[in-house]
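Read the structure below first, then the notes.
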Amino acid sequence: MNMTSRSFFIISILLISFVFCSCGKKADDLDTLKQEGTKALADGNFNKAINLFRDALRLRPSDRDILYNLALSYKKFDVPDSALVYFRRARLLYPRDREINKELIELCIAAKEYECALNAVAIMIATGDNEKLYWPMLAELHYRNKDMYMAAKYYRLILADDPDNSSAYLYLATTLSETSNYAESNQIIEKLIARFGPSADAFANMAANFANMNQLDKAEEFLRKSLAINPDYIPAWINLANLLAADSNVARKKEALDILKRFQSQIPAVYKPDSVISALEAELSGK
C-alpha cells in the first residue's frame, strides 16, 4: 500500500468514527432534552419545558412524546393557539392516539373549530368510547357547526333516552326552527309544556314559529301568554311591539308605541328603538 492509499484509509476511518460519535451525541442530547423537559413540565416550569421540547423536536421532528408534551406545555402555559398547532401536527402523524384527540376536543371547541372537535370525538368513539357519552356534545357541536339536521338527530336521541331532559326539548325545538320546521318545532314545545308546565320561553318560541308561518294572530296570542307569565320578558315585548306596529289599525300602532316607550331604555341598541319610535310617531301624527 503506498502512502497516498494509506492516508486515504486513515482519513476514512476518522470520518466514520466522527459520524458515529456525532450520532451518539445527538441521541444523548435528545434523551437529556426529553428528560429535562418532562421534569420541567411536571414541576410547572412550562416556559422551560417549551424551550427544551422545541430543541428536542429539531432533533426528532416526528417523535410522538415530544410533540404531545410540547403541545401540553403550551396549553399549560396558556398559549392555546400554539398548543393546537402541535396537537394537530401530532394527530397527523398519530391519527388514532386517544390522548392527542382528547386534548384536541377541548382546544378545538375553545377555538370555535367545531369540525376539528367533531373529528376528534369520532376518533374517541372509533377507538372504544360509547357514542352515547358524547350525545350532548355532538348535538351542540353540530348546532354550532350549523348542521341542524345532525344536531336534531342527537337531540332526539337524548330525549328518547331521557324524556325528563327539559333543556333538550327547547334545544330540539330551536334546531327544528332553524331548518324551517316550524310546525314540528311547536309540537316539541307542546310536549315540553305538557310534561313540565307552561313557561315564558316556551310560549315566546311558539309565537316566533307562528310568526314565521305567517299565523300572526296565533303569534300575538302566544306572545301575550308569555308576558302573562313574565311581564319583564323584554324580547317578547319587542316582538309584540313589532307585530302591532306592522298592523294597519291605529289603536294597535299606538299600543306598539306605548310598549316601545315604556321599555325604551331596556331595549338593546341593535333594535334601534329611538328610530322605530320616531318613525311610529311620525306615522301616527299623519293619520
* For segment 152-171, does any single residue satisfy the condition of being under 30 Å from Leu70 (Cβ atoms) and of a type in the set (Gly, Ala, Ser)? -> no
* Asked: Among the residues of segment 133-162, which ones are crowded, with 17+ Cβ neighbours inside 10 Å, of a type in the set (A, V, I, L, M, F, W, C) and either under 21 Å from Ala194 (Cα atoms) or assigned by TED's automatic domain parsing to the domain that holds Cys116 (or both)?
  -> Ala152, Leu157, Ile158, Leu159
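So for segment 112-119 (the condition being surrounded by 12 or more Cβ atoms within 10 Å (Cβ to Cβ), over 12 Å from the mean Cα position of the chain (by Cα) and modelled with pLDDT of 95 or more), does at least one residue qualify? Spell out the reasoning first.
At the first step, the residues of segment 112-119 found to be surrounded by 12 or more Cβ atoms within 10 Å (Cβ to Cβ) are 113-114, 116-119.
Adding the requirement that they be over 12 Å from the mean Cα position of the chain (by Cα) leaves 119.
Okay, now just the ones that are also modelled with pLDDT of 95 or more, so 119.
Checked against the condition, which is being surrounded by 12 or more Cβ atoms within 10 Å (Cβ to Cβ), over 12 Å from the mean Cα position of the chain (by Cα) and modelled with pLDDT of 95 or more, segment 112-119 yields at least one hit.
Tally the residues that are among the charged types (D, E, K, R), surrounded by fewer than 19 Cβ atoms within 10 Å (Cβ to Cβ) and over 18 Å from the mean Cα position of the chain (by Cα), restricting the search to segment 62-96. First the steps, then the outcome.
Kept after step one, since they are among the charged types (D, E, K, R), are these residues of segment 62-96: 63-65, 75-76, 78, 81, 88-89, 91, 96.
Cutting the leftovers down to surrounded by fewer than 19 Cβ atoms within 10 Å (Cβ to Cβ) gives us 63-65, 76, 78, 81, 88-89, 96.
Checking which are over 18 Å from the mean Cα position of the chain (by Cα) leaves us with 63-65, 76, 78, 89, 96.
Within segment 62-96, residues that are among the charged types (D, E, K, R), surrounded by fewer than 19 Cβ atoms within 10 Å (Cβ to Cβ) and over 18 Å from the mean Cα position of the chain (by Cα) number 7.
In contact with a Ser or Thr (Cβ under 7 Å, 6 or more places away or on another chain) and hydrophobic (A, V, I, L, M, F, W, C) - does that describe any residue in segment 61-75? Step through it out loud before you land on a result.
Step one: of segment 61-75, the residues in contact with a Ser or Thr (Cβ under 7 Å, 6 or more places away or on another chain) are 69, 74.
If we keep only those that are hydrophobic (A, V, I, L, M, F, W, C) as well, we get none.
No, that holds for no residue.
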* To do: Go through segment 92-195 and tell me which helices (runs of 4 or more DSSP H), entirely inside it, have 2 or more residues that are closer than 30 Å to Pro61 by Cβ.
  => 98-110, 114-126
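Yes or no: segment 213-226 includes at least one residue that is among the aliphatic types (A, V, I, L, M) and farther than 28 Å from Ser166 by Cβ.
In the first step, residues of segment 213-226 are kept if they are among the aliphatic types (A, V, I, L, M); the result is 213, 216, 219, 223.
Cutting the leftovers down to farther than 28 Å from Ser166 by Cβ gives us 216.
Yes, segment 213-226 contains at least one residue that is among the aliphatic types (A, V, I, L, M) and farther than 28 Å from Ser166 by Cβ.
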* **Candidate set from segment 210-221 (those that are within 32 Å of the chain's Cα centre (by Cα) and surrounded by 19 or more Cβ atoms within 10 Å (Cβ to Cβ)); member that is farthest from Arg262 (Cα to Cα)** => Phe210
* Structure fact -> Over segment 41-56, the set of residues closer than 22 Å to Leu107 by Cα and either outside the structural domain of Glu99 (by TED's automatic domain parsing) or in contact with a Leu (Cβ under 6 Å, 6 or more places away or on another chain) (or both) is Ala49, Phe53
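For segment 196-218, which positions are assigned to a helix (DSSP H, G or I) and of a type in the set (S, T, N, Q)? Can you show your working first?
Just the residues of segment 196-218 that are assigned to a helix (DSSP H, G or I), to begin with: 196, 200-212, 216-218.
If the condition is that a residue be assigned to a helix (DSSP H, G or I) and of a type in the set (S, T, N, Q), then Asn205, Asn209, Asn212 are the ones that fit.
Quick one: is Ser275 more than 33 Å from the chain's Cα centre (by Cα) and farther than 19 Å from Leu170 by Cα?
On the way: more than 33 Å from the chain's Cα centre (by Cα): yes; farther than 19 Å from Leu170 by Cα: yes.
Criteria met by Ser275.
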* Structure fact -> When segment 163-202 is checked residue by residue, the ones that are of a type in the set (A, V, I, L, M), surrounded by fewer than 15 Cβ atoms within 10 Å (Cβ to Cβ) and in contact (Cβ under 8 Å) with a residue 12 or more places away in the chain are Ala183
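Tell me, which residue of segment 261-282 that is aliphatic (A, V, I, L, M) and closer than 16 Å to Pro235 by Cα is surrounded by the most Cβ atoms within 10 Å (Cβ to Cβ)?
So, considering only residues that are aliphatic (A, V, I, L, M) and closer than 16 Å to Pro235 by Cα, the one surrounded by the most Cβ atoms within 10 Å (Cβ to Cβ) is Ile267.
The values are calculated or read from the model by the stated rules, or taken from the named source; none is laboratory data. What you see is a predicted model, and the numbers here were worked out from it, not measured in a lab. With ideal geometry, Cβ positions are generated from the backbone for all residues, glycine too; neighbour counts draw on all protein chains shown.
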